[in-house]
Amino acid sequence: MDVLGLLHLDELSHGLANLSMFPYFDMAHYIVSVMALREQPGALEVSRVSPLACWFSSMLFCFGGAVLSGIMLAEPPVAPLTNSTSVLLASVIWYLVFYCPMDLVYCCAALLPLRLVLSGMKEVTRTWKVLGGVTQAHSKYKDSLLVMIAIGWAKGAGGGLISNFEQLVRGVWRPETNELLKMSYPTKITLIGAVLFALQQTHYLPLQKHHLMLLYTMFTVINKSRMMLTGSSASPFAAFESAIYKTLFTGYSPYAVLTGEVKKACIDNGTTNRMTSTSTTKESSENRAVGKSAPASPVRGQSESLKAKEESENAETTDCKKTN
Amino acid sequence: MDVLGLLHLDELSHGLANLSMFPYFDMAHYIVSVMALREQPGALEVSRVSPLACWFSSMLFCFGGAVLSGIMLAEPPVAPLTNSTSVLLASVIWYLVFYCPMDLVYCCAALLPLRLVLSGMKEVTRTWKVLGGVTQAHSKYKDSLLVMIAIGWAKGAGGGLISNFEQLVRGVWRPETNELLKMSYPTKITLIGAVLFALQQTHYLPLQKHHLMLLYTMFTVINKSRMMLTGSSASPFAAFESAIYKTLFTGYSPYAVLTGEVKKACIDNGTTNRMTSTSTTKESSENRAVGKSAPASPVRGQSESLKAKEESENAETTDCKKTN
Amino acid sequence: MDVLGLLHLDELSHGLANLSMFPYFDMAHYIVSVMALREQPGALEVSRVSPLACWFSSMLFCFGGAVLSGIMLAEPPVAPLTNSTSVLLASVIWYLVFYCPMDLVYCCAALLPLRLVLSGMKEVTRTWKVLGGVTQAHSKYKDSLLVMIAIGWAKGAGGGLISNFEQLVRGVWRPETNELLKMSYPTKITLIGAVLFALQQTHYLPLQKHHLMLLYTMFTVINKSRMMLTGSSASPFAAFESAIYKTLFTGYSPYAVLTGEVKKACIDNGTTNRMTSTSTTKESSENRAVGKSAPASPVRGQSESLKAKEESENAETTDCKKTN
């Protein structure tokens, strides 16, 4: 791309593309992942009661993408275990974050400046993982855009996508929450990355790979830093998403009944919208059947827990600073 | 088979066997599947809140058999995504059924005559899917009848068999319901088909493939039409099942205690059936431990939700007709 | 190893190593496994309502290890079905244990002396399964100790490790229970076996295979018999585990707050341990969000149900003796 060439970014992008993730960037990824697990509600208690379940959960946070994409491509999901060095590194970090005397490691890593750097480095690994997934899918299924996107997404955001089953390892089951129902920011940005890299791979996107890597990495790192510094969890695509949503997915709204617009609709049609009310009744009867296990609305119920997760990621961890 | 030859059905069966499922029959399968999803309790709300989760659920309804049989044979479960045309077709149908302005597509397709035709065409695809599964298993595992039956069944009734996990995508979790605990009619007829085609493949059934295809397809189509027209969900095998059940599975009934026959048993034996009461107590204490999440009996709890599902499939959808 | 040679155990260990598991030991494994399923709370009711779900559950109890290790190595999880003889044998045993007239088979097999012999024989099959898993992993991933341990463990203790999903087949869902959170004795002994055999395979353990097989088999059989005869479920490694736990996993204890030590900690630091209390609050709010489906502590909740399971395994089944 000429613009980038003119800006003398060619060299920078080549340098980035040749960067090795091991060991420093991988390490940052493991630290941030294990810290995210530790900040999950109940995780600390599990770490005391069953170190093995805690270790397995940590490995799913660190290698979830490789496991998920392995399953999707019918490759052994135990494959990540063959890389002993990575597993050993992740295990040491898991041990230090959870069990270090005086909790030194967690408290240090949770200091805002250090956490900012580590999170930025973790975002860099995302580019490599998404690209790895897209390339792997491309080598198996030539020209199947959808498979490339799916594998790239799974490899980059695997830990989030399998979170239901990761939680099950720790004895937690929240069916009303999953990343497809309400995507968190990391899952969203990974999906966008997977789409871009898949388009680049199939030459629909007239951009060279190393240029795209530079642009995508810069975007994710800058955006993550901005979010951590301002403490906001607002997605940069909110306006875009909202526009798409309004254009495509509101053609017919039987849920007017839920938002008070039902009266107008009834008067317009001169008849009661029987179908809508039937489906609402079915739902409530289902909720009754399931008992008190599910909140009234599965979709509303999860937003709180997801918010808690995001807050914990963006937390300024003032507590640690005080106790130190 | 001479009888069929005499009836001049040979030509008809050859014609049927050479029928291409793509695009019309596949389309009917997608429409009926996506409509079945839309009639699940809570599905419409999910379609508004998260189109992506709704799309993924629809794909599991449409391609669940391919995904499940892929997993069972250690073949990539993403393989259905490689067939871009099918995925595109299913996605367009998903979009039209859920988001078409004025809800035109759903209301039209839900009209009884059209729905009857579409459901009949969907039943035809079942034959092809079951046969495809059996053939695929036969090519990998020669002479293993059980594997052929399992794969044929999974391919033909995959959407139902993985319904627990399909529901999880939509934030619904009903562990007390699954197709093994209480089979619905489509799952049952698919299992029978898988057994027949596996027996034909291994030459235990002295029938030619295209004859069996004709007979099985006719049976499923006629039976489905009858069920939709009469609104009954009575299985045609009820008497047969009941006879098998009574012959084979009632040798020893510790559950007499539940049906009031315990007194007779006690008097006969001259002793209280201690074991039975112990196991009953264990169960109730487990239910207490699980809390209020599970209904008193997992088996009783599901029958209602399954009934709701079947009713929605057989619904005459009078609401749509009225509002149009 | 010379010591064993001197004790003239060489011949015995060679004899053991050449022992064929089929049919007697396999049969004992199936009987004990199906009986363990039957003693699960609610299993008998499921066996009356849905023989198919009950059969599938039994197969997961009998062949769970093969299914799980198959999935982990991306080999077809239906592979156990290809061995028709084993499946037929297991199915016959399933039928006899659940539906035999007068319940003769279960009551006989539940008599202590017979059950002792059968359980001992089942322990012998464990050695073969663990070794089989380790060897299989070794042939695919040379020198990857972790994969060998994982596959050996999965093959030997598969039924336990997938118990959550086996229960789901029967309509039971207990997310607060899993073998990683609180390992039962069979899972623990299998893990130790997998580690030992993996070390032997990679020549870190200076022992010949048949010697290790003899030692490990003797240990498991004797220990199981002791546990059944004394009715104790105390692990022989309790002291060892406790020592490791105290050394490695108590560096930093944020759960002091739960055990009343918080005051001391607060005074020491001269500040309230805000982080700890935050995490406790988060947890309780999560529990509130999940509703009444999970007990206050997932970890505490399961110990009871696991205890019930172990008790049922060690039960002296006096009831049967009386009624016969």
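Structure notes:
- For segment B:49-65, the criterion of being closer than 29 Å to B:Leu205 by Cα and either of a type outside the set (S, T, N, Q) or free of Cβ contacts under 8 Å to residues at least 40 places away in the same chain (or both) is met by at least one residue.
- Helices (runs of 4 or more DSSP H) (entirely within segment A:182-248) containing at least 2 residues that are out of contact with any strand residue (DSSP E or B) (no Cβ under 6 Å at 6 or more places or on another chain) and at pLDDT 95 or above: A:185-201, A:209-230
- Within segment B:16-71, the set of residues being buried (at least 21 other Cβ atoms within 10 Å of the Cβ), more than 16 Å from the chain's Cα centre (by Cα) and outside any helix (DSSP H, G or I) comprises B:Pro41, B:Gly42, B:Ser50.
- Residues of segment C:78-88 classified as within 20 Å of the chain's Cα centre (by Cα) and either of a type in the set (A, V, I, L, M, F, W, C) or at pLDDT 95 or above (or both), total: 0
- Screening segment B:72-87 for residues that are in a helix (DSSP H, G or I) and at the interface with chain A (Cβ under 9 Å from one of its Cβ atoms) and picking the one that is surrounded by the fewest Cβ atoms within 10 Å (Cβ to Cβ) gives B:Ser84.
- From A:Glu166, A:Glu176, residue being assigned to a loop (DSSP other than H, G, I, E, B) and either surrounded by fewer than 19 Cβ atoms within 10 Å (Cβ to Cβ) or in contact (Cβ under 8 Å) with a residue 12 or more places away in the chain (or both): A:Glu176
- Selection status of A:Trp94, of a type in the set (Phe, Trp, Tyr), within 12 Å of another protein chain (Cβ to nearest Cβ), on the phi < 0 side of the Ramachandran plot and in contact (Cβ under 8 Å) with a residue 60 or more places away in the chain: yes
- Those residues of segment C:120-147 which are among the small types (Gly, Ala, Ser), closer than 24 Å to A:Phe56 by Cβ and in a helix (DSSP H, G or I), in sequence order: C:Gly132, C:Gly133, C:Ala137
- Considering only residues in segment B:31-54 that are of a type in the set (A, V, I, L, M, F, W, C) and in contact with a Phe, Trp or Tyr (Cβ under 6 Å, 6 or more places away or on another chain), the one that is farthest from the other protein chains (Cβ to nearest Cβ) turns out to be B:Val34.
- Checking segment B:106-127 against the condition returns no match, with no residue being facing chain A (nearest Cβ under 9 Å), surrounded by fewer than 23 Cβ atoms within 10 Å (Cβ to Cβ) and out of contact with any Cys (no Cβ under 9 Å at 6 or more places or on another chain).
- Only listed residue being assigned by TED's automatic domain parsing to the domain that holds C:Phe219 and under 22 Å from C:Met21 (Cβ atoms), chosen from C:Ala110, C:Ala66, C:Ala74: C:Ala66
The values are calculated or read from the model by the stated rules, or taken from the named source; none is laboratory data. What you see is a predicted model, and the numbers here were worked out from it, not measured in a lab. Because the Cβ atoms are built from the backbone with ideal geometry, glycine has one as well, and the counts that use them run over all protein chains shown.
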